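J.: There's a structure below that I have some questions on.
The values are calculated or read from the model by the stated rules, or taken from the named source; none is laboratory data. Here the structure is a predicted model, which means the values were calculated and not measured. FYI the Cβ positions are ideal-geometry reconstructions off the backbone, even for glycines, and counts take in every protein chain you see.
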Amino acid sequence: MKKAFVTGANGFVGSFLCEELLRKGYTVYALARKTSSLRWISALPVKMVFGDVGRPESYKAALGECTHVFHVAGVTKGRTRRDYMEGNFENTRLLVDAVLETGEPRFVLVGSQAAYGPSASLEPVTEEHPPRPLTWYGESKLMAQQYVREKTGVLRAAIGCPPAVYGPRDTDVLQFFKTVKMGVIPQLQGKDRYASFIHAADLARGLVLLGEHPGAVGE
């Protein structure tokens, strides 16, 4: 039986991922803090695991039950560089180490386009481009992605690097659409620029595919 452990399960992307995994027949172990709102997953038939990514002892038992691990949790809004490093890099390191201690599940990391930074031209940025993150967030996500890649050979991992995510339950990109609806057209820096977006449901489907496709390991 397929069993998935999802960090950040109660969040925007995490809740969409839980729904997709359930549709695919997975038993879902949803990690969340006891103090977190569960409004988006409270009606879902998931097994709640109350703990913190930064404290592996709070979830190791559940982790050992699972065939797949999806690391969605992270810090998108912090006050200091340390906030981002702890929430995105250090917690990823702790989770990966816990995964390696408890078994050999498929591991999917939700990285970020911010780890690579914007394109210097009109050409799309790919993983072949030298990373040049412009923010603490991007820097911390890059370090998390690099740590996972360093474990290639012992960790059956894949990394997805989505752009800005939108859809129901979102509050960040929503402000962009509200601005446009008011008749204000945001101007991207420079003459010709493109912005990338992905719907949360599409991202969830992509993450599940990363966890299932044999060719995704190491990508």
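J.: With the structure loaded, tell me whether LYS34 is of a type in the set (D, E, K, R), surrounded by fewer than 24 Cβ atoms within 10 Å (Cβ to Cβ) and touching a Cys at 6+ places or on another chain (Cβ under 8 Å) or whether it fails that test. Spell out the reasoning first.
T.: Numbers: of a type in the set (D, E, K, R): yes; surrounded by fewer than 24 Cβ atoms within 10 Å (Cβ to Cβ): yes; touching a Cys at 6+ places or on another chain (Cβ under 8 Å): no.
Against the criterion (of a type in the set (D, E, K, R), surrounded by fewer than 24 Cβ atoms within 10 Å (Cβ to Cβ) and touching a Cys at 6+ places or on another chain (Cβ under 8 Å)), LYS34 does not qualify.
J.: Here are ALA30, ALA62: which of them is assigned to a helix (DSSP H, G or I) and more than 26 Å from GLN146 (Cβ to Cβ)?
T.: Details: ALA30 fails: assigned to a helix (DSSP H, G or I).
Sole residue among the options that is assigned to a helix (DSSP H, G or I) and more than 26 Å from GLN146 (Cβ to Cβ): ALA62.
J.: Among the numbered criteria (1) in a helix (DSSP H, G or I); (2) modelled with pLDDT of 80 or more, which single criterion is violated by PHE176?
T.: (2)
J.: Kindly evaluate ALA9 against the criterion of being more than 18 Å from the chain's Cα centre (by Cα), part of a loop (DSSP other than H, G, I, E, B) and not charged (D, E, K, R). Give the derivation first.
T.: Numbers: more than 18 Å from the chain's Cα centre (by Cα): no; part of a loop (DSSP other than H, G, I, E, B): yes; not charged (D, E, K, R): yes.
Here the answer is no, as ALA9 does not meet what is asked.
J.: Considering the stretch 96-131 alone, what residues qualify as being crowded, with 16+ Cβ neighbours inside 10 Å, part of a helix (DSSP H, G or I) and either of a type in the set (S, T, N, Q) or out of contact with any Ser or Thr (no Cβ under 7 Å at 6 or more places or on another chain) (or both)?
T.: Answer for the stretch 96-131, where residues must be crowded, with 16+ Cβ neighbours inside 10 Å, part of a helix (DSSP H, G or I) and either of a type in the set (S, T, N, Q) or out of contact with any Ser or Thr (no Cβ under 7 Å at 6 or more places or on another chain) (or both): VAL96, ALA98, VAL99, THR102, GLN113, ALA115.
J.: Now, a different point. Residues in the stretch 71-91: is at least one polar (S, T, N, Q), in contact with a Ser or Thr (Cβ under 6 Å, 6 or more places away or on another chain) and under 19 Å from THR171 (Cα atoms)? Break it down into steps so the answer makes sense when it comes.
T.: Taking the stretch 71-91 first, the residues polar (S, T, N, Q) are 76, 80, 88, 91.
Checking which are in contact with a Ser or Thr (Cβ under 6 Å, 6 or more places away or on another chain) leaves us with 88.
From what's left, under 19 Å from THR171 (Cα atoms): none.
No, the stretch 71-91 contains no residue that is polar (S, T, N, Q), in contact with a Ser or Thr (Cβ under 6 Å, 6 or more places away or on another chain) and under 19 Å from THR171 (Cα atoms).
J.: A follow-up question, please. Taking the condition of being farther than 16 Å from GLY74 by Cβ and either under 18 Å from the mean Cα position of the chain (by Cα) or of a type outside the set (Val, Ile, Thr) (or both), how many residues in the stretch 31-48 meet it? Write out each step before concluding.
T.: Going through the stretch 31-48, the residues farther than 16 Å from GLY74 by Cβ turn out to be 34-35, 37-48.
With the extra rule that they be either under 18 Å from the mean Cα position of the chain (by Cα) or of a type outside the set (Val, Ile, Thr) (or both), the set shrinks to 34, 37-45, 47-48.
So the count comes out to 12.
J.: Same structure, new question: If I ask for residues that are closer than 22 Å to ARG106 by Cβ and at pLDDT 95 or above, which ones from the stretch 127-141 would you list?
T.: Restricting attention to the stretch 127-141, the residues satisfying the condition of being closer than 22 Å to ARG106 by Cβ are 127, 141.
Result: LYS141, single match.
J.: On to the next question. Considering only the stretch 132-173, how many residues are in a loop (DSSP other than H, G, I, E, B) and either within 25 Å of LEU209 (Cβ to Cβ) or small (Gly, Ala, Ser) (or both)?
T.: Our first condition is that a residue be in a loop (DSSP other than H, G, I, E, B); within the stretch 132-173, this holds for 132-135, 151, 153-154, 156, 161-163, 167-171.
Then drop every residue that is not either within 25 Å of LEU209 (Cβ to Cβ) or small (Gly, Ala, Ser) (or both), which leaves 151, 153-154, 156, 161-163, 167-170.
Residues meeting the conditions: 11.
J.: Does HIS129 meet the test of being touching a Leu at 6+ places or on another chain (Cβ under 9 Å) and of a type outside the set (S, T, N, Q)? So that I can check it myself, show each step before the final result.
T.: Values: touching a Leu at 6+ places or on another chain (Cβ under 9 Å): no; of a type outside the set (S, T, N, Q): yes.
Judged against the criteria, HIS129 is not a match.
J.: Of the conditions (1) touching a strand residue (DSSP E or B) at 6+ places or on another chain (Cβ under 8 Å); (2) over 19 Å from LEU100 (Cα atoms); (3) part of a loop (DSSP other than H, G, I, E, B); (4) modelled with pLDDT of 95 or more, ALA43 clears all except one; give me its number.
T.: (1)
J.: While we're on this one: Cβ-Cβ below 7 Å, separation at least six or inter-chain, first residue in the stretch 136-157 and surrounded by fewer than 16 Cβ atoms within 10 Å (Cβ to Cβ), second modelled with pLDDT under 95: which pairs?
T.: THR152/GLY218
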